[in-house]
Each structure stands twice: as C-alpha cells, then as structure tokens.
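Colleague: The structure is given below, and queries will be raised subsequently.
Throughout, read-outs are computed from the coordinates displayed, never taken from laboratory work. Keep in mind the model is a prediction, meaning the values are calculated, not measured. In this analysis, Cβ positions are derived from the backbone assuming ideal geometry, glycine residues included, and neighbour counts consider all displayed protein chains.
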Amino acid sequence: MGSDDHCSHLDELTLAREELARSRSELERTAEALASSREEHDRLRARARDLAESTDRRLREQPPARAGLTRRVRKAPDDEAAQVELLRSSDLFDPAWYLLAHPEVVDTGLDPARHYLRHGAADGWDPSPAFSTDGYLREHPDVAAAGTNPLVARLRRQARKGRGRRRGGDSGA
C-alpha cells in the first residue's frame, strides 16, 4: 500500500468521522425536539381534560335541557334523572373523555351524561374508552329492540347481579 493510498484512506476516514459527528448532532437535536413536542402534547392534553371537566361541571349546574330537544330513549321523563345519576356514578361513563371525544356536546347545553342518554347512545357514541355502545347493542339485541340506553341497561344488569361498577370502587350495593 502506497503513501497516496494511505492518505486517501485517512481522508475518507476523516470525512466519515465528520459525517458521523454531524449525524449524531442532528439526532440529538431531533431527540430534544421530540421530547419538547411530547411535553407540549402532554401539557395540551392535560389542559383539554381540565377544560372538559370544567365544562362538565358548568353544564351539570345548568337547569335541564332546553325545550324542543327530543329524547331518543323510551323512558319516563322522571326516570331520566335517575339514569343520569346512574351514569355519573359509573366508571364506565367518563364525562371529560366524552366532551373531548365530542366537543359539539357543549353547544347543546346538555351535561355529558344527559346528552349521552338523549342523543349519544342513539348516535353510537361511546361514553368512555371502557364501554362500546355498538358492541353492547350487538351482544344484547333485546336492549336495542327495547330502545333502552345500552350503558344504563348494563349498569342495571350489573346492579341486579350485585356487581355494579361505581366510581371509587364502591360496589353500589
């Protein structure tokens, strides 16, 4: 191997080291930007959840929904209040998640639980990631045929069997 070949290899090695250093530097910048983006995402997600929870509280404090909104479940109106409370007490209904998934609910003036009872279930909307409205109706065609809200039906069936899911781990029995 001649001196020129040796110099040529050294030059190539130097260029490769420089390229590697540039690549490492770019990788570090990209990792920092990704970490920053993740932090911003987490911050925005927490803010959205706070806003959804705040909106849920405000909507629950409002008087019952405006006249003219139609109910889609066939239940006595006085039973609606009991159904709303049943939903609110369940881990299977997440009002903040529901508002994040369906921000248009805010425009209705209904609190999330009441909206799910009147409209959401009929539209096939899930009340939380832990409960599939359409899945439950497929598994229980009797509930669909009766026009009963699927989550209310599930919670009442669980309560009859003595294992209703309530917030905070309380069995509700």
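Colleague: Quote to one decimal, in nm, the extra length available between Asp42 and Ala146 on full extension: 0.36 nm per residue of separation minus the C-alpha distance between them. It would help to have the intermediate numbers written out before the result.
Modeller: Working: separation 104, 0.36 × 104 = 37.44 nm, distance 4.19 nm.
In short, 33.3 nm is gained.
Colleague: Sort 25-37, 44-56, 119-131 for me by packing, meaning the mean count of neighbouring Cβ atoms within 10 Å per residue, highest on top. Walk me through the numbers before you get to the answer.
Modeller: Working: 25-37: 10.0, 44-56: 14.3, 119-131: 18.0.
With the highest mean Cβ count within 10 Å placed first, the list reads 119-131, 44-56, 25-37.
Colleague: As an exercise, take the mean of 1/r over every pair of distinct alpha carbons in the stretch 86-143, invert it, and state the Kirkwood radius in angstroms. Present the calculation step by step, with values, prior to reporting the outcome.
Modeller: Values: mean 1/r = 0.0867 Å⁻¹.
In the stretch 86-143 this quantity evaluates to 11.5 Å.
Colleague: Treating only the Cβ atoms of Lys and Arg (+1) and Asp and Glu (-1) as charged, compute the dipole magnitude of the stretch 78-155 about its Cα centre; round to the nearest 20 debye. Walk me through the numbers before you get to the answer.
Modeller: Numbers: 5 positive and 14 negative charges, 19 e Å.
With Lys and Arg at +1 and Asp and Glu at -1, about 100 debye.
Colleague: While we're looking at this one, here's another question. With a 10 Å radius around each residue's Cβ, average the other Cβ atoms per peptide and rank 17-24, 82-89, highest first.
Modeller: On the way: 17-24: 10.0, 82-89: 18.1.
The packing order, highest mean first, is 82-89, 17-24.
Colleague: Sticking with this one: Where the only charges are on Cβ atoms (+1 Lys, Arg; -1 Asp, Glu), what is the dipole of the stretch 1-49 about its Cα centre, to the nearest 20 debye? Write down the numbers at each step before the final one.
Modeller: Numbers: 9 positive and 12 negative charges, 169 e Å.
Charge dipole of the stretch 1-49: 820 debye, to the nearest 20.
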